[in-house]
Structures are given as structure tokens and as C-alpha cells.
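Taken together, the values in this text are just the output of simple stated rules run on the coordinates, not laboratory data. Nothing here was measured: the structure is a model prediction, and the numbers come from that model. Because the Cβ atoms are built from the backbone with ideal geometry, glycine has one as well, and the counts that use them run over all protein chains shown.
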Amino acid sequence: MKKFVASIRNIFESYSYFMKLQWRLDPMGIFLVILPRIFSTLNAFVVVIFPGLILDSLVEDRRERAVSFIVAFALWEFLNACIEALFTKYSNVHQEIFSARLNHMLVEKTTTLRQEQLEHPKVFEQYELARKCGEENSISGYLGDTVSIVFGLAELWGYLYLLREMPLWVLGFLVAVVAIHVAAERRIDKNTMEESELDTPMERMLGYLNYQLMDPEYGKEIRMFDLKGFLTEKQAHVREEYYVLFRKYGKSRVRAVGLTNMAGSILSLVFYASAILRFAMGALTVGAFTVTVNAMFRFSEGVRNVASLAVGYQMKAERLSHVRTFLDMTSTHTGTEEAEGFERGMTIEFVHVSYRYPGSENYALEDVSLRIGCGEKISIVGPNGAGKSTFIGLMLGLYRPTSGKILYNGRDIEDLDYDSYKKLFAVLPQDYQIFGFSILENILFREEPSEAETAAAMESLDKAGLKEVVEKLPRQERTYLTQQFDPEGVALSGGEAQKLAIARTLNRDSAIFILDEPTAALSPRSEHDIYQRFAQVTEGKTVFLISHRLSGSRLCGRILVFQAGRLVEDGSHEALMQDGLLYAEMYAKQAEWYT
Ligand code: ADP
């Protein structure tokens with residue numbers, strides 16, 4: 001009983017939530033769903049009643065009356081068909097509008113959540129389920145279902161009136177068939193839900209294999225490593241798993257559908273038998289016979305429809321609750337205090353900070369304490385998996401310390417408004433992306449920048465050492481970085497792309513620069529050149545440099561060495577060389593490679 005009440009409550013809450021959402025996203029859609037239902041309900045009665053009236057007029061030899069009924073009937077049907085076509089056209093458009101706006105909301109939500117939340121497997125799954133609901137249009141169908149149930153009940157009431165003299169035993173049959181139908185429908189719905197949850201990861205993999213890997217970016221690997229066989233095999237394997245699932249659930253669905261169809265056929269027999277019996281006994285005229293049989297079939301169909309809609313309601317409510325759960329998720333960035341600019345005398349401090357990724361047993365970073373002043377140039381080094389990226393992620397507020405605190409000028413960064421805190425940083429990630437837009441757009445992310453913004457972007461290109469290259473391009477800074485959208489588009493080399501990413505970072509007027517392997521794609525000569533430029537443009541700013549090439553770290557006044565999640569060394573190049581520990585060892589090894 002408790003479960004039943006909870007499920008009714010969930011249905012009610014989900015639907016009222018979505019009515020509000022629909023009203024907010026596309027109010028017109030509501031009218032476009034309600035109006036056609038009004039017409040189709042009226043039509044249902046016209047279709048049942050008119051043939052009876054026509055037949056009776058003919059039997060009574062009142063031909064003129066019969067002709068006027070036929071003409072009225074034809075006119076109504078024509079009008080109804082036009083209205084239906086019109087509504088179908090507009091309501092389809094509005095369904096798309098609603099789905100598109102909802103998808104936009106879902107994507108927007110992902111950007112407000114903390115990175116750590118999004119990386120959490122459960123949250124990601126919730127997002128996928130919510131997105132799937134949006135795509136399947138199952139959400140926009142909820143309103144139609146609600147209206148269909150209300151009008152369906154009105155229709156049933158009307159048929160009951162027409163069938164008020166129906167014998168009770170026929171009604172008994174009807175109830176039994178509806179019960180079978182509802183049970184089968186519940187089974188089918190449960191089945192579909194289960195299948196959808198199981199096939200989501202498979203669909204994800206198939207989508208990846210079928211579409212993402214078609215991206216020319218993967219082309220070289222696919223050809224050079226001759227991955228055709230490997231990928232086809234993988235595809236066949238996932239598809240086979242998918243078919244097994246499909247067959248398993250398909251079989252059980254076919255059984256359920258077969259059962260209801262059989263019960264439906266028996267019910268038809270019962271209907272005809274009872275109407276013929278009453279006609280033979282003289283209780284029905286020819287017209288009344290037609291109306292009764294029609295009404296019986298429509299009534300039984302109506303009951304089945306309403307019943308399956310009601311059953312589907314529960315399933316849809318469950319789906320809607322995925323969307324609701326995701327949209328209602330609140331970001332763990334809850335701070336409200338404005339973060340002031342990072343200026344001389346200010347500090348960022350890690351106080352016994354430890355971090356464990358969600359679902360992971362080990363600490364990625366353990367008990368790290370340090371203080372960073374404004375204007376410091378800091379190199380972060382350490383073997384792979386030592387915790388360097390995690391350290392940066394924590395400082396950027398992407399992750400929240402499992403224990404300990406990060407203080408910005410004495411205040412816990414968790415209390416700061418995240419948008420204002422985020423602005424302090426300009427990050428050049430290791431896996432930066434170059435977008436298929438123009439060079440200028442790749443730096444400014446604006447369609448129509450002002451003159452001042454363009455000039456600043458050009459200066460950044462100059463500082464990153466890319467200006468000369470850009471000036472030689474067909475459309476200079478407005479050249480597209482792909483030929484997909486512009487035949488004059490170009491592709492940058494690895495080194496040029498990295499310089500563009502550097503220009504993008506430099507263009508942000510931030511106090512703290514974080515450069516993750518900024519010179520990996522550059523030759524030693526360009527590397528030296530870039531470091532010189534960095535030194536110029538980042539004067540007075542704080543810089544974190546993550547680099548495997550320790551030549552870069554020499555240029556930094558302070559070096560942090562991480563190992564197995566711990567900060568094991570902290571000092572200048574000279575001091576750490578003298579200590580003769582991990583850094584000195586790593587430096588000596590690399591020096592061997594370069595001499
Ligand atoms: P580094 O940047 O020094 O290579 P990371 O900070 O990326 O090291 O990783 C530190 C540890 O945390 C590693 O053991 C790594 O496997 C683990 N780790 C990194 N990212 C995740 C993640 N998203 N989920 C679980 N573990 C992670």
C-alpha cells in the first residue's frame with residue numbers, strides 16, 4: 001500500500017513539475033495538444049451515431065433526411081480531417097521546440113555543476129538517462145497522455161450512456177479483458193524500462209563506434225594501425241550483445257501482446273453475440289444495432305486505451321523523474337562572496353588537503369600543505385599519476401577537498417562565488433581543443449568582436465609567436481581552421497595549434513596562469529622562444545607550469561615535486577639539486593637524454 005501511495009505521489013509530482021516546465025518552455029504546445037483532443041472526442045461520437053441515424057432514416061424510407069445526414073457527416077469528416085492535419089503539423093513542430101529547449105536546459109545544467117559532480121558515474125548516468133528521455137520525445141508525450149486520459153474518460157462516459165441497456169454479463173467480459181490487458185501492458189512497460197536501462201551503455205558504445213570514430217581525426221590511427229578488423233569485430237560483438245537483449249525482451253513482449261489480442265478477439269465475439277441476440281428479440285432497430293455494436297467496440301477500445309495510458313503513466317513518470325532529478329541537482333559550488341583580484345601580498349594556501357576521487361579507495365592527493373604568493377613562478381613536476389593534475393583541479397575548484405581546506409587570501413575558496421574565483425585563472429590544458437571556427441573566434445569565442453578585442457587578440461597571437469603565420473593565411477585571423485565550413489580554411493600543424501592555444505590563454509587577462517605541458521608539441525628551439533615570451537607576458541603574474549621537460553622548470557623560481565599523491569619536495573632548482581632527492585635524480589636522467 002505504501003509503495004502504491006508513493007508511486008501515485010511520484011506520478012503526481014512528476015507531472016505537475018512537467019506541466020510547469022512545459023508552461024515555461026513552450027506554453028503554445030499545451031493548446032496544440034488540448035484542441036485536437038477536443039475535436040477527436042467529438043468526432044468519436046459523430047462516427048458512432050451518424051451511421052445509425054442514416055440507416056434508420058433509410059429503413060423508415062425518409063430519404064431526404066438520410067441525404068442531409070450523409071451530407072452533414074461528410075462535411076464534418078472533411079472539416080475534421082483539415083483540422084487534424086493542421087494541428088498535427090504545428091504540434092510536431094512544437095514537440096521539437098520543447099525537446100530542443102529541454103535539451104538545452106540539460107546541457108546548461110552540466111555546465112553549472114562542479115566538474116567532480118559530472119565525473120561521478122552516477123551523475124553521468126543520470127544525465128544520459130535524462131538526455132535519452134529528451135531525445136525520445138517521451139517527455140513531450142506526457143502532456144498528450146494526460147489530456148488523452150481526461151478526454152478518454154469523457155468519451156467512455158458518453159459510450160456508457162449509449163450502452164446503458166447493455167447486459168451485465170457482457171460488462172463482466174469487458175472487465176475481465178481489460179484486466180488482462182492492463183496486466184500485459186504493465187509487463188510490457190516494465191520490460192521496456194528494463195531493456196532501456198540495460199541497452200544504454202551498448203547504445204553509447206555503438207554510437208561511438210558508428211559515428212565518433214568516423215571523425216577524420218581518428219583516420220590516421222585507423223589506417224596506420226589497420227584497425228578495420230578490430231573495430232568491425234568490436235562492433236559485431238556489441239551488436240550481438242544488443243540483439244541478445246532485444247530478442248530476450250522481444251519474446252516476452254510478443255507473448256504479452258498475443259495474450260491481449262486473443263482476449264480482444266473473444267470479446268468481439270461476445271459483443272456481436274449479445275447485439276445479434278437483442279436484435280433478434282426486436283429490442284434493437286437496424287440503426288440502433290449499428291450504434292450499439294460501434295459503441296461497444298469503441299468503448300472496449302477506449303477502456304483499453306485509457307488503461308494502457310494509465311499504466312504507461314507510471315513508466316513515464318519514472319522517466320520524467322530522471323530528468324527532474326538531473327535538473328534539480330544543485331551545484332556544490334555554493335559560495336557567494338566575491339573573490340577579489342590576486343594582488344601582491346595575497347596568498348593561496350593548501351592546509352592539509354587530501355583528495356579521493358568518487359568511488360576510488362586511494363587518495364590521489366594526500367595531506368598537502370603549502371602557501372603560494374602572488375607573482376610566483378612555480379613548476380610542478382613528478383612521475384605520471386603523482387597527483388599533479390589533481391592538485392591543479394583542486395586549486396581550480398573543480399574538485400572539493402575530501403579533507404583539509406584551500407584558502408584564498410585567508411578565506412576558504414568554498415565560500416567564494418565560483419564565477420568570480422574562476423576568473424582569476426587562465427588555463428592552458430594539455431588536451432586543449434582547436435575549434436573548427438576562425439582563428440579569431442578560437443581566441444575570443446565571440447562572433448562579432450569589437451576593434452579593441454580584435455587588437456588584443458592580435459597582440460596575443462604575436463606574443464605566442466603565431467602572428468607572422470596568420471598574416472600569410474588567405475583570410476588572416478578570419479581564416480577558418482577547417483575546410484568543412486570554408487573552402488579557404490586551413491589546418492594548423494601541431495606546433496601552430498599549440499601556439500594558438502597559448503595565444504588564447506594569454507589573451508585572458510587573468511592573475512594566475514596554469515600551463516599544462518605547454519610546449520609538448522614544439523621543437524626545443526620554439527620551446528625556448530615560448531618560455532622567453534611567457535616570462536615577458538606573465539611578469540607580475542602567478543604561473544604554474546606542469547612539464548615533463550625539466551628544462552622549463554629551471555626557469556621557475558620554485559619547484560613542487562609530487563610523488564604518489566604527496567608533495568615531497570618544495571624549493572628552488574638549485575636547492576633541490578643540492579638535496580639530491582627525486583628532482584635531482586629526474587633532472588640528471590633528462591640531462592643525459594639531451595647531451
Ligand atoms: P598526474 O597529473 O601527476 O599524472 P593525476 O593527478 O592525474 O596525476 O592522478 C593522480 C591519481 O589519481 C592517479 O592514481 C590517477 O589514477 C588517479 N585519478 C586521476 N583522475 C581520476 C579520476 N577521474 N577518477 C579516479 N581516479 C583518478
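Which shape class, rounded, prolate or oblate, goes with the chain when its Cα gyration tensor gives a ≥ b ≥ c as root eigenvalues, a/c under 1.5 marks rounded, and past that a/b bigger than b/c marks prolate?
Taking the square roots of the gyration eigenvalues as a ≥ b ≥ c, the chain is prolate.
Placing +1 on the Cβ of each Lys and Arg and -1 on the Cβ of each Asp and Glu in the chain, which of Gly373, Ile149, Ser57 has its Cα farthest towards the positive end of the resulting dipole?
Ser57
Among Ala6, Ser99, Ser68, whose Cα lies farthest out toward the positive end of the dipole of segment 1-152, if unit charges sit on the beta carbon of Lys, Arg (+1) and Asp, Glu (-1)?
Farthest towards the positive end: Ala6.
What dipole magnitude, in Debye to the nearest 20, does the chain give about its Cα centre under +1 on Lys/Arg Cβ and -1 on Asp/Glu Cβ?
The dipole magnitude comes to about 2080 debye.
Of all DSSP beta bridges located in the chain, what percent are antiparallel, nearest 5?
DSSP beta bridges in the chain are roughly 50 percent antiparallel.
Filter the chain for me: DSSP H helices, axial length by Cα at least 24 angstrom, mean Kyte-Doolittle hydropathy not below 1.6. List them by residue number.
27-59
Quick one: of the DSSP bridges fully inside segment 335-460, what percent are antiparallel, nearest 5?
Antiparallel: roughly 95 percent of the beta bridges in segment 335-460.
Treating cross-link reach as a plain straight distance, find the lysines whose alpha-carbon is under 30 Å from the alpha-carbon of Lys316, omitting any fewer than eight places away in the same chain.
List returned: Lys2, Lys3, Lys20, Lys89, Lys109, Lys122, Lys132, Lys190, Lys248, Lys251.
Give me Leu466, Leu75, Leu560 ranked fewest to most by other Cβ atoms within 10 Å of their Cβ, as a rough exposure proxy.
Result, fewest neighbours first: Leu75, Leu466, Leu560.
Non-local amide H neighbours of Ser403 (under 5 Å, H modeled in plane, Pro and chain starts lacking H): which ones?
Here the answer is Ser354, since their amide H atoms fall under 5 Å of that of Ser403.
Answer with one residue from Leu231, Leu198, Ala256: the one whose Cα lies farthest towards the positive end of the charge dipole of segment 178-258, charges on Cβ with Lys, Arg +1 and Asp, Glu -1.
Going by the Cα projections, it comes out as Ala256.
I need Ser553, Ser148, Ser403, Ser493 ordered by Cβ neighbour count within 10 Å, fewest first.
Ser493, Ser403, Ser148, Ser553
Taking the number of other C-beta atoms within 10 Å as the exposure measure, put Val177, Val238 in order starting with the fewest.
Val238, Val177
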